[in-house]
Amino acid sequence: MKKATTIVLCSLLWLFASCSKDKNDEYWQKKADDKYQEIENLVYSVSCENIDDFEIMSYNSTYFPVHKNIKSRFENLIEEHRYYRTKWFDIEPQINFSLNVWVINPPVELICHQGRPKLRYAQDLTLEETNKFILSNYKKLKEFYNDVPCTDPKDWQAIIVSKDCRCEFVTAHKTIRVSEFYELLNVQKVLDWQWRVLSEVKCDEPCTIKLGPIICKDGKPYVQ
């Protein structure tokens, strides 16, 4: 009898713990979802008249067009959302793993559309637009470090870029403005993918090119 009572008691304790755990899951998930909706409502509540008043800000591989007047509030909401997500993931770590398998798809343009800010992505573009963005973005990559002098070749690296099925390369500093540079590089990748889809061209994979060592010459990095 004592053994049966113990079994029943343990079962009830396990059931209570499970229910409590489920309630916590739902509570923190809802808090995170509500906060995310608040972020979106804030971002898209601002009318768009001058696109220069906006900047693209990212959070967990999601991008937002943020007006300068709400930037501080936006950042506070992001931190609140991060807190709720952390509490949720502490209870369900497998959710953290599944939600962090992000697809990198940065926007290629920020515009005003019908009085509201709008992000355009590579998949929104026509072939003509894609070609235009590929050229302009590649130029930005090539010129990104023009103002950074090359004094030690060990500080630099050559990065291969696929462009119209051709293997090109750009030189990049290893420690200066790295995240900004790689954001541009990711834009180039999605543009290249869109170009392949629209032009129906099958490129050789992977894109490889034999590069020599980097040297500094007249304050600029060069690949031998």
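The values are calculated or read from the model by the stated rules, or taken from the named source; none is laboratory data. What you see is a predicted model; the values in this text were computed from it and never measured. As a convention, Cβ positions derive from the backbone with ideal geometry for all residues, glycine included, and neighbour counts pool all protein chains shown.
Observations on the model:
- The residues of the range 163-210 that are closer than 22 Å to residue 149 by Cβ, assigned to a helix (DSSP H, G or I) and among the β-branched types (Val, Ile, Thr) amount to a single one, 178.
- Residues that are touching a helix residue (DSSP H, G or I) at 6+ places or on another chain (Cβ under 8 Å) and either free of Cβ contacts under 8 Å to residues at least 24 places away in the same chain or under 30 Å from residue 219 (Cα atoms) (or both), drawn from the range 177-204: 181, 184, 185, 187, 188, 202
Every residue, every condition in (1) in contact with a Phe, Trp or Tyr (Cβ under 9 Å, 6 or more places away or on another chain); (2) crowded, with 16+ Cβ neighbours inside 10 Å, yes or no:
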position	(1), (2)
168	yes, yes
184	yes, yes
204	no, no
211	yes, no
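- Exactly one residue out of 128, 143 is over 30 Å from residue 220 (Cβ atoms), surrounded by fewer than 16 Cβ atoms within 10 Å (Cβ to Cβ) and assigned by TED's automatic domain parsing to the domain that holds residue 201: that is 128.
- Failed item in (1) touching a residue at least 40 places away in the same chain (Cβ under 8 Å); (2) buried (at least 16 other Cβ atoms within 10 Å of the Cβ), with residue 151 passing the rest: (2)
- Any hit, the range 78-93, residues being in contact with a helix residue (DSSP H, G or I) (Cβ under 6 Å, 6 or more places away or on another chain), at pLDDT 95 or above, of a type in the set (A, V, I, L, M) and surrounded by 15 or more Cβ atoms within 10 Å (Cβ to Cβ): no
- Single residue of 101, 148, 66 found to be at pLDDT below 95 and either outside any helix (DSSP H, G or I) or within 21 Å of the chain's Cα centre (by Cα) (or both): 101
- Residue 52 assigned by TED's automatic domain parsing to the domain that holds residue 112 and modelled with pLDDT of 95 or more: yes
- Index of the failed condition, residue 46 passing every other in (1) crowded, with 16+ Cβ neighbours inside 10 Å; (2) within 21 Å of residue 179 (Cα to Cα): (2)
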